[in-house]
Structures are given as C-alpha cells and as structure tokens.
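Engineer: The following block contains the structure, expressed as structure tokens.
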Amino acid sequence: MSRSASTLVLDTNVVLDWLVFRDPSSAPVAAALQAQRVVWLACAAMRDELEHVLTRAELARWQPDIPTVLAQWDRFARVLEGPPAAPGGLRCSDPDDQVFLDLAFAGRAETLLTRDRALLRLARAAGRRGLAVLTPEAWARSAAGQRL
C-alpha cells in the first residue's frame, strides 16, 4: 500500500452495494481497495451491523453469500478500536449511523462514503472539520477518486 493512500470509512449500504448488490457505482471503490490505493477503516460494531443486516428478510431475494461477504469485509477492512465521539459535538440524527462519523474522525479518514441522508446532511459541517462526506458516485468524480 502506498504511503499516500486515502483513508475511507464505508457505511453499511455502500458495503452492501459493493459486496451484495454488485452495484456498478461501487466499482471505483472496489478497484481502489483491491489495488490498495485506499485504506478502509472500520470497527467491530460495523461488522456486527453488516452481519445483522445480511440476515434480514429484505435481503433474502438477493441470496447474499454471507460467509463470502464477511470474508471480503475481513480482507479489506482495517479494524480500529471502537471510536470516541466525534469532535465538536457533531451528531448524526440517526444514532445507528453515528459510529461511522465517529470512526471517520477518530481514524482521521479523509472521506466517509455513504448514501444515508442523515450523514449526507452533515457534509458541510464535517467538511469544515476536514472530513468529506460523499456518495460513492461523488467520490469517484472527485479529485481523490480520479487520482486513484
């Protein structure tokens, strides 16, 4: 991995798009991870959430290969300790999504990739603190995504 690798936090929906739904919008992220041009920061709570979501009835029609999805998570995620609260009282309106924001700041990630509206509403405030909160498509179009 290069010293200049970008650091990302991926929310659960972005991970599902990549590893379950095979959404084409996740291809640039997947390629960057596979080529080790980015580092994906995560924590145990994020893996637990993914594992729980994979067993929901709503995903049954997609027939996710749960062991394979979790093995990919284990392969690519750099697991950090559970994060402290984000600086400056930056709070997500959805408590379930707070961990992504907190970990992004604790791990000094450059970008949080999400489709979640509650997290995207924090983009401006997070940006003032040095964290880009973007959709995968916006990230791929950004300078960070383009140089990868």
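Engineer: Answer yes or no as to whether residue 65 is among the acidic types (Asp, Glu), closer than 14 Å to residue 11 by Cα, out of contact with any Phe, Trp or Tyr (no Cβ under 8 Å at 6 or more places or on another chain) and surrounded by fewer than 19 Cβ atoms within 10 Å (Cβ to Cβ).
Structural biologist: On the way: among the acidic types (Asp, Glu): yes; closer than 14 Å to residue 11 by Cα: no; out of contact with any Phe, Trp or Tyr (no Cβ under 8 Å at 6 or more places or on another chain): yes; surrounded by fewer than 19 Cβ atoms within 10 Å (Cβ to Cβ): yes.
Taking the combined requirement at face value, the residue does not satisfy it.
Engineer: If you go through the stretch 1-45, how many residues are within 13 Å of the chain's Cα centre (by Cα), among the hydroxyl-bearing types (Ser, Thr, Tyr) and either in a helix (DSSP H, G or I) or farther than 22 Å from residue 131 by Cα (or both)?
Structural biologist: The total comes to 2.
Engineer: Can I ask one more? Identify all residues within the stretch 100-115 that are surrounded by 21 or more Cβ atoms within 10 Å (Cβ to Cβ) and within 21 Å of residue 17 (Cα to Cα); write none if there are none. Write out each step before concluding.
Structural biologist: From the stretch 100-115, those surrounded by 21 or more Cβ atoms within 10 Å (Cβ to Cβ) are 100-105, 109, 111-114; that's our starting set.
100, 101, 103, 104, 109, 111, 112, 113, 114 - these are the residues of the stretch 100-115 that are surrounded by 21 or more Cβ atoms within 10 Å (Cβ to Cβ) and within 21 Å of residue 17 (Cα to Cα).
Engineer: Where the second residue is in a helix (DSSP H, G or I) and the first is among the aromatic types (Phe, Trp, Tyr) and lies in the stretch 17-34, which pairs have Cβ atoms under 7 Å and are six or more apart or on separate chains?
Structural biologist: 18/26; 18/29; 18/30; 21/62
Engineer: Right, residue 118: touching a Ser or Thr at 6+ places or on another chain (Cβ under 6 Å), assigned to a helix (DSSP H, G or I) and without any contact (Cβ under 8 Å) to a residue 40 or more places away in the chain or not? Step through it out loud before you land on a result.
Structural biologist: Details: touching a Ser or Thr at 6+ places or on another chain (Cβ under 6 Å): yes; assigned to a helix (DSSP H, G or I): yes; without any contact (Cβ under 8 Å) to a residue 40 or more places away in the chain: yes.
The answer is yes for residue 118.
Engineer: Please specify each residue of the stretch 46-93 satisfying the condition of being small (Gly, Ala, Ser), assigned to a helix (DSSP H, G or I) and modelled with pLDDT under 95. Outline the logic, then answer.
Structural biologist: Our first condition is that a residue be small (Gly, Ala, Ser); within the stretch 46-93, this holds for 57, 60, 71, 77, 82, 85-86, 88-89, 93.
Filter once more, keeping what is assigned to a helix (DSSP H, G or I): 57, 60, 71, 88-89.
Scanning the stretch 46-93 gives 57, 60, 88, 89.
Engineer: Which of the residues that make up the stretch 33-44 are modelled with pLDDT of 95 or more, surrounded by 14 or more Cβ atoms within 10 Å (Cβ to Cβ) and out of contact with any Pro (no Cβ under 8 Å at 6 or more places or on another chain)?
Structural biologist: The answer is 33, 38, 39, 40, 41, 42.
Engineer: Just to be sure before I move on: is residue 72 without any contact (Cβ under 8 Å) to a residue 40 or more places away in the chain and either more than 20 Å from residue 117 (Cα to Cα) or in contact with a Leu (Cβ under 9 Å, 6 or more places away or on another chain) (or both) in the structure I sent?
Structural biologist: No, not satisfied.
Engineer: Filter the stretch 116-136 down to the residues that are β-branched (Val, Ile, Thr) and either buried (at least 21 other Cβ atoms within 10 Å of the Cβ) or touching an Asp or Glu at 6+ places or on another chain (Cβ under 7 Å) (or both) and list them by number.
Structural biologist: Of the residues in the stretch 116-136, the ones β-branched (Val, Ile, Thr) are 133, 135.
Listed by number, the list holds a single entry, 133.
Engineer: So is residue 120 out of contact with any His (no Cβ under 9 Å at 6 or more places or on another chain) and either over 19 Å from residue 30 (Cα atoms) or β-branched (Val, Ile, Thr) (or both) or not? Explain how you work it out, then say what you get.
Structural biologist: Details: out of contact with any His (no Cβ under 9 Å at 6 or more places or on another chain): yes; either over 19 Å from residue 30 (Cα atoms) or β-branched (Val, Ile, Thr) (or both): yes.
Criteria met by residue 120.
Engineer: Assess whether residue 104 counts as being assigned to a helix (DSSP H, G or I) and either among the polar types (S, T, N, Q) or in contact with a Leu (Cβ under 7 Å, 6 or more places away or on another chain) (or both). Quick ask: steps written out before the conclusion?
Structural biologist: Values: assigned to a helix (DSSP H, G or I): yes; either among the polar types (S, T, N, Q) or in contact with a Leu (Cβ under 7 Å, 6 or more places away or on another chain) (or both): yes.
So residue 104 fits the description; yes.
The values are calculated or read from the model by the stated rules, or taken from the named source; none is laboratory data. Worth saying up front: this structure is predicted, and the values here are computed from it rather than measured. A quick note on method: Cβ atoms are made from the backbone with ideal geometry, for glycine too, and the neighbour counts reach across all protein chains shown.
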